[in-house]
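Comments concern the structure below.
The values are calculated or read from the model by the stated rules, or taken from the named source; none is laboratory data. Quick caveat, the model's predicted, so the values are computed rather than measured. Counting neighbours? That spans all protein chains shown, and the Cβs are built from the backbone with ideal geometry, glycine included. Surface accessibility is based on the protein's heavy atoms, side chains included, excluding ligands, DNA and RNA. Shrake-Rupley method; radii C 1.70, N 1.55, O 1.52, S 1.80 Å.
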Amino acid sequence: MNRDTQTAFPYTVTDDTKYRKLSAAMRRSFDHYPAPRPEDNELYSQFRYTPLQGFDYNDGDGTLTRRDPSMVIFENGKYYVWYTRRNTAPVQGPEKHTDTIPSADWDLAEIWYATSEDGFTWEEQGVAVPRPPKPYPGWRSVATPGILKFEDRFYLYYQAFSEPPMVRGDYCPVAASWADSPDGPWTPANEEVVPTGAAGEWDQYAIHDPHPLVHDGKVYLYYKSAFNRPHALWVAQGLAIAGHPLGPFTKHPLNPVLNSSHETAYFPFKQGVACLSICDGQEHFTIQYAEDWVNFEIAAITELMPTAAGPFAPDAFTDTGDGRGITWGLCHFTNAGNDWSRQHTILARFDCDLSRDIHDPEMKRSHYRYSPEHHFRFGLSRQQRERIDRMNRELKLQHGQKESGT
Ligand code: AAL
């Protein structure tokens, strides 16, 4: 087709349409995304949320929090999940913390676990990883677990705080424990398994949200760090690879591998890996894909994503090279009672269609109908309203001067 004298874009799109001269936006639809329309895009989904049964939160008084769930796994005929559990006095913030009063919602925490027959009703089983004694990493708090099954042994990776979080910063390395059963007992390695970077490196202070998968016979552990303080804070994701779950881990030379996202969830998809880039950063609210497990491209843009998602990915550790995708997992909602003096986080379930094995048109819709009341909850601040009032006054003044010729 002569692109200079081409006819108007056709009403009916055919396989030939993508060969015509297209605008940048339409070219993206045909060349960049897995399918031109979200309805046909296997890596696009909306998300549906369900409260969980079986978890008590002390009437939301701020003394009991559960957050940052691991991936969900299926063993012994049931589902398992691990999470940060804090059962302390209410959070008083970095300035008022003590040895017993937490500085943050994930301070003075342990790693607990729960099981479920259906993914909706859960039974808390108890502590998996307690805080170790000083001087082992994590003596102040262990939080934000990632689960791995590797050669029939189970590994828990977790943030290991040796200082109260959010005082100097949210600074910690990642430590690990292992067990021959998902029910434990868990043996701590009692050392940093994924250390922070060297001075001056982007991840010099923190290795957060450890998310292990198995690829190419190795452990691919994705993690978050934040850098560029005190200027323009930037949150991004790194990758560390090891032949054995307890390391040594080698950080990828192209780190950071994602330019955005906080509490990101990863899952094998086809021969590559997909991820939910959930909040923070230029590319938040996107679903991304890396065929080489390193170089991610945006596969879909979505909204109302599950915060701190821990997906159920049956092939997370089976290294099939043919990832099937996900349909559900757990996530969390912080400040569940909307009262920072009683700050606590609750776990919840999300469902989606990011799977090659189902097609759920309800999950492929491209907008939610948020009520007016939902929008009005996110109103102007006092400063924003003052700026608008000032702009109104300046406009009237300018027009008044024009009319009076002054
Ligand atoms: C979460 C995670 C990490 C942070 C804190 C607890 O969203 O990113 O675990 O340290 O918040």
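Sort out which residues of the stretch 350-400 are among the charged types (D, E, K, R), within 31 Å of the chain's Cα centre (by Cα) and open to solvent by 100 Å² or more (accessible area, probe 1.4 Å), and write them in order of number. Before the answer, list the steps.
Step one: list which residues in the stretch 350-400 are among the charged types (D, E, K, R), which gives 351, 353, 356-357, 360, 362, 364-365, 369, 373, 377, 382, 385-387, 389-390, 393-394, 396.
With the extra rule that they be within 31 Å of the chain's Cα centre (by Cα), the set shrinks to 351, 353, 356-357, 360, 362, 364-365, 369, 373, 377.
Residues satisfying the conditions are GLU362, ARG365, ARG369, GLU373, ARG377.
Kindly indicate whether any position in the stretch 286-293 is within 16 Å of the ligand (Cβ to nearest atom), in a strand (DSSP E or B) and open to solvent by less than 50 Å² (accessible area, probe 1.4 Å).
Checking the stretch 286-293: not a single residue is within 16 Å of the ligand (Cβ to nearest atom), in a strand (DSSP E or B) and open to solvent by less than 50 Å² (accessible area, probe 1.4 Å).
Can you spot a residue in the stretch 36-48 that is assigned to a strand (DSSP E or B) and closer than 26 Å to ALA104 by Cβ?
Among the residues of the stretch 36-48, not one is assigned to a strand (DSSP E or B) and closer than 26 Å to ALA104 by Cβ, which makes the answer no.
Would a scan of the stretch 267-283 turn up a residue that is in contact (Cβ under 8 Å) with a residue 24 or more places away in the chain and within 16 Å of ILE147 (Cα to Cα)?
Yes; the residues of the stretch 267-283 include at least one that is in contact (Cβ under 8 Å) with a residue 24 or more places away in the chain and within 16 Å of ILE147 (Cα to Cα).
Please work out which residue is nearest to ALA308 (Cα to Cα), limiting yourself to the stretch 215-231 and to residues that are more than 16 Å from the ligand (Cβ to nearest atom), within 21 Å of the chain's Cα centre (by Cα) and open to solvent by 10 Å² or more (accessible area, probe 1.4 Å).
Residues of the stretch 215-231 more than 16 Å from the ligand (Cβ to nearest atom): 215-220, 228, 230-231.
From what is left, the residues that are within 21 Å of the chain's Cα centre (by Cα) are 215, 219-220, 228.
Retained after the next criterion (residues that are open to solvent by 10 Å² or more (accessible area, probe 1.4 Å)): 215, 220, 228.
Numbers: HIS215: 22, TYR220: 19, ASN228: 23 Å.
Among those that are more than 16 Å from the ligand (Cβ to nearest atom), within 21 Å of the chain's Cα centre (by Cα) and open to solvent by 10 Å² or more (accessible area, probe 1.4 Å), it is TYR220.
Could you please find all residues in the stretch 36-84 being among the basic types (Lys, Arg) and open to solvent by 50 Å² or more (accessible area, probe 1.4 Å)? Break it down into steps so the answer makes sense when it comes.
The first filter runs over the stretch 36-84 and keeps only residues among the basic types (Lys, Arg), leaving 37, 48, 66-67, 78.
Once the filter is applied, which keeps residues that are among the basic types (Lys, Arg) and open to solvent by 50 Å² or more (accessible area, probe 1.4 Å), the stretch 36-84 yields ARG37, ARG48, LYS78.
Could you check the stretch 160-185 and list, in sequence order, the residues that are open to solvent by 30 Å² or more (accessible area, probe 1.4 Å) and more than 16 Å from the ligand (Cβ to nearest atom)?
TRP178, ASP180, SER181, ASP183, PRO185
Could you check, for the stretch 117-137, whether at least one of its residues is more than 30 Å from PHE312 (Cβ to Cβ) and of a type in the set (A, V, I, L, M, F, W, C)?
no
Restricting the stretch 55-98 to residues that are farther than 28 Å from TYR223 by Cβ and of a type in the set (Asp, Glu), which is farthest from the ligand (Cβ to nearest atom)?
Per the criteria, the residue is ASP59.
Out of the residues in the stretch 99-117 that are open to solvent by 10 Å² or more (accessible area, probe 1.4 Å) and acidic (Asp, Glu), state the one that is farthest from the ligand (Cβ to nearest atom).
Within the stretch 99-117, the match that is farthest from the ligand (Cβ to nearest atom) is GLU117.
For THR327, only one of the following conditions fails: (1) outside any strand (DSSP E or B); (2) in contact with a Cys (Cβ under 8 Å, 6 or more places away or on another chain). What is its number?
THR327 satisfies all of (1) outside any strand (DSSP E or B); (2) in contact with a Cys (Cβ under 8 Å, 6 or more places away or on another chain) except (1).
Would you check if there is a residue in the stretch 318-326 being in contact (Cβ under 8 Å) with a residue 12 or more places away in the chain, surrounded by 18 or more Cβ atoms within 10 Å (Cβ to Cβ) and farther than 30 Å from ARG37 by Cα?
No, the stretch 318-326 contains no residue that is in contact (Cβ under 8 Å) with a residue 12 or more places away in the chain, surrounded by 18 or more Cβ atoms within 10 Å (Cβ to Cβ) and farther than 30 Å from ARG37 by Cα.
I need the full set of residues from the stretch 269-285 which are within 16 Å of the ligand (Cβ to nearest atom) and open to solvent by less than 10 Å² (accessible area, probe 1.4 Å), in order please.
CYS275, LEU276, SER277, ILE278
One residue is enough: does the stretch 16-35 have a residue meeting the conditions touching a helix residue (DSSP H, G or I) at 6+ places or on another chain (Cβ under 8 Å), of a type in the set (Asp, Glu) and loosely packed, with under 13 Cβ neighbours inside 10 Å?
Among the residues of the stretch 16-35, at least one is touching a helix residue (DSSP H, G or I) at 6+ places or on another chain (Cβ under 8 Å), of a type in the set (Asp, Glu) and loosely packed, with under 13 Cβ neighbours inside 10 Å, which makes the answer yes.
Scan the stretch 118-131 residue by residue and report those that are in a strand (DSSP E or B) and within 16 Å of the ligand (Cβ to nearest atom).
Once the filter is applied, which keeps residues that are in a strand (DSSP E or B) and within 16 Å of the ligand (Cβ to nearest atom), the stretch 118-131 yields only VAL129.
How many residues are hydrophobic (A, V, I, L, M, F, W, C) and part of a loop (DSSP other than H, G, I, E, B) when one looks only at the stretch 1-35?
Adding up the residues that qualify gives 6.
Could you list, in sequence order, the residues of the stretch 280-330 that are among the acidic types (Asp, Glu) and within 16 Å of ILE73 (Cβ to Cβ)? Before you say what the answer is, go through the steps one by one.
Going through the stretch 280-330, the residues among the acidic types (Asp, Glu) turn out to be 280, 283, 291-292, 297, 303, 315, 319, 322.
Once the filter is applied, which keeps residues that are among the acidic types (Asp, Glu) and within 16 Å of ILE73 (Cβ to Cβ), the stretch 280-330 yields ASP315, ASP319.
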